[in-house]
Amino acid sequence: MIIISDSSEAVSYRITNLQVENTNSNQSLRTVSKNNFGINQTITYFEKSLEKPHNYVRIAKQYLLFTMEFNFSIDKMSVQMFVEKKAPVYKTACNKFLKYAQKNEIHRVVDDSTPNYKGNKYVLAFLGNAQLSENSKETYARALQEFYSFMDTKGLPPNRTTVLAFVQQCKNNGLSPHTTNTYLSAIKQFVKYCVLKRDDLNIGKKMLEEMRDVSSVNVLKVGGSTQKQYAKDSLTEKERTHLLKTIKNSKDKAIIGLMAYQGLRTIEVVRLSWKDIKVQQGKNYLAVWGKGREEKELIPLLPECHKILIEYQMSITRPEGSMFDFKETSSIRKITNKWLNEAGLKRENVSAHSLRHTVAQLMLDKGIPKPMVQRFLRHKSESMTSTYTAKQEDREFLKYEF
């Protein structure tokens with residue numbers, strides 16, 4: 001047990017290898033904090049609110065699982081996405097549930113029976129509220145488990161000094177700067193969440209200041225080594241052109257074009273609708289609902305990608321609603337791997353996400369300013385874009401004539 005305390009209050013944290021304890025029928029619907037609701041408890045209460053048994057309950061649970069999978073809020077937009085092209089009863093059931101959720105101020109739900117992540121209830125609450133993809137959540141869960149294990153072994157509180165010591169241990173253990181920075185990002189986001197929920201977690205003033213200092217810990221520099229192994233490889237411009245020419249199916253070409261020219265993430269492709277193509281003052285834009293964002297962001301729609309989307313649009317009967325009718329990112333990855341193999345470009349560290357890396361790398365290679373690349377790719381911090389700058393510098397260093 002690690003006790004975090006000051007003169008008046010204490011907060012207890014323990015790493016477990018099991019899930020957070022289930023709520024029972026006598027407990028409140030709110031599992032950890034004011035904004036955190038368990039899916040099973042929510043469905044149980046919703047069922048009891050109905051005058052008689054109804055399949056609305058089954059549909060409502062499907063909808064909630066959908067919101068959990070994509071980190072969506074319970075609102076009109078996510079309901080519209082879920083019920084699209086489904087039987088009318090789905091819309092009726094979801095609207096009924098939405099009214100119930102709004103009345104009870106239920107904005108999100110978490111898995112209150114079989115969480116996918118290890119950790120104490122505070123970590124699980126953080127992951128349940130985090131605007132992250134499933135892969136990122138797994139990474140953050142692993143990072144926080146490592147951090148708590150480190151604190152448990154040393155008997156340290158979660159403050160700036162402890163985080164710096166943990167970063168040093170990561171370096172001593174041979175973790176790459178990229179991995180260490182990912183772990184550090186998880187810790188900083190978690191501490192930020194704890195500070196925000198300080199009243200619920202009963203964190204005292206002294207400890208609150210120490211936790212706030214964690215935000216000042218700097219990330220490690222990514223560049224500087226010609227032996228650096230990057231998480232994902234990128235394609236050359238010639239390879240990108242070859243890949244797009246190989247694809248014969250207009251839908252698949254549009255999917256891959258959005259990633260290879262616009263730098264969209266797989267989840268962003270899934271979320272796209274035809275209404276997201278915007279025209280302002282004669283220029284085409286794409287409204288992208290990015291990872292961890294509450295609203296869509298406009299980015300220029302490049303001519304190459306616009307042409308591909310028009311060709312796809314002309315090939316379908318009713319170009320409205322969802323652009324691709326996918327509910328899972330796995331479908332996008334499967335299609336991408338198929339055409340990478342077909343084009344002879346599938347190799348280690350080349351995947352759907354590599355196409356996003358390709359956009360960043362080719363833009364920087366063409367001399368486009370890093371801040372513009374950062375805005376185009378919707379990176380939250382400059383350090384993320386600097387990963388590609390470091391790759392460019394490494395290549396130039398090996399070719400430089402001293």
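Being of a type in the set (D, E, K, R) and either in contact with a Ser or Thr (Cβ under 9 Å, 6 or more places away or on another chain) or under 23 Å from residue 274 (Cβ atoms) (or both) is the filter here; which residues of the range 335-349 pass it?
Hit for the range 335-349 is 342, nothing else.
Restricting the first residue to the range 246-259 and requiring it to be polar (S, T, N, Q), which pairs with a second residue that is assigned to a loop (DSSP other than H, G, I, E, B) meet a Cβ separation below 9 Å and a spacing of at least six or different chains?
Pairs found: 246/343; 246/344; 246/345; 250/316.
Quick one: what pairs do we get from the range 188-216, first residue in contact (Cβ under 8 Å) with a residue 12 or more places away in the chain and assigned by TED's automatic domain parsing to the domain that holds residue 139, second of a type in the set (Phe, Trp, Tyr) and surrounded by 21 or more Cβ atoms within 10 Å (Cβ to Cβ), C-beta under 7 Å, 6+ apart or different chains?
Within 7 Å, the pairs are 190/126; 193/126; 194/122; 201/122.
Please find, among 86, 96, 76, 61, the residue that is over 23 Å from residue 267 (Cβ atoms), at pLDDT 85 or above and not assigned by TED's automatic domain parsing to the domain that holds residue 141.
Of the residues listed, the single one that is over 23 Å from residue 267 (Cβ atoms), at pLDDT 85 or above and not assigned by TED's automatic domain parsing to the domain that holds residue 141 is 96.
State whether one or more residues within the range 241-257 are outside the structural domain of residue 164 (by TED's automatic domain parsing), among the hydroxyl-bearing types (Ser, Thr, Tyr) and either touching a strand residue (DSSP E or B) at 6+ places or on another chain (Cβ under 8 Å) or modelled with pLDDT under 90 (or both).
Within the range 241-257 (the criterion being outside the structural domain of residue 164 (by TED's automatic domain parsing), among the hydroxyl-bearing types (Ser, Thr, Tyr) and either touching a strand residue (DSSP E or B) at 6+ places or on another chain (Cβ under 8 Å) or modelled with pLDDT under 90 (or both)), the answer is no, since none of the residues qualifies.
Among the numbered criteria (1) modelled with pLDDT under 90; (2) aromatic (Phe, Trp, Tyr); (3) over 17 Å from residue 252 (Cα atoms), which one does residue 326 miss?
(3)
I need the full set of residues from the range 186-207 which are in contact with a helix residue (DSSP H, G or I) (Cβ under 8 Å, 6 or more places away or on another chain) and assigned to a helix (DSSP H, G or I), in order please.
Once the filter is applied, which keeps residues that are in contact with a helix residue (DSSP H, G or I) (Cβ under 8 Å, 6 or more places away or on another chain) and assigned to a helix (DSSP H, G or I), the range 186-207 yields 186, 187, 188, 189, 190, 191, 192, 193, 194, 195, 198, 201.
Among the helices (runs of 4 or more DSSP H) confined wholly to the range 257-373, which include 2 or more residues that are touching a helix residue (DSSP H, G or I) at 6+ places or on another chain (Cβ under 7 Å) and closer than 30 Å to residue 130 by Cα?
266-271, 329-342, 352-365
Of 309, 301, which residue is in contact with a strand residue (DSSP E or B) (Cβ under 6 Å, 6 or more places away or on another chain) and either among the charged types (D, E, K, R) or in the same structural domain as residue 257 (by TED's automatic domain parsing) (or both)?
Just one listed residue meets the conditions, 301.
Taking the stated definitions as given, is residue 275 among the basic types (Lys, Arg) and loosely packed, with under 14 Cβ neighbours inside 10 Å?
Taking the combined requirement at face value, the residue satisfies it.
Could you say whether any residue in the range 107-116 is at pLDDT 75 or above and assigned to a loop (DSSP other than H, G, I, E, B)?
Looking through the range 107-116, at least one residue is at pLDDT 75 or above and assigned to a loop (DSSP other than H, G, I, E, B).
Could you identify the single residue in 302, 309 that is at pLDDT 85 or above, surrounded by 14 or more Cβ atoms within 10 Å (Cβ to Cβ) and closer than 16 Å to residue 240 by Cβ?
Unique residue meeting the criteria: 302.
Quick one: how many residues across the range 374-402 are modelled with pLDDT of 85 or more and either of a type in the set (Gly, Ala, Ser) or in a loop (DSSP other than H, G, I, E, B) (or both)?
Count: 1.
What residue, among those in the range 265-305 that are over 20 Å from residue 78 (Cα atoms) and touching a residue at least 24 places away in the same chain (Cβ under 8 Å), is nearest to the chain's Cα centre (by Cα)?
Here the residue is 299.
The values are calculated or read from the model by the stated rules, or taken from the named source; none is laboratory data. Because the structure is predicted, anything quoted here is derived from the model rather than measured. Here the Cβ is made from the backbone with ideal geometry for all residues, glycine too, and neighbour counts use every protein chain on show.
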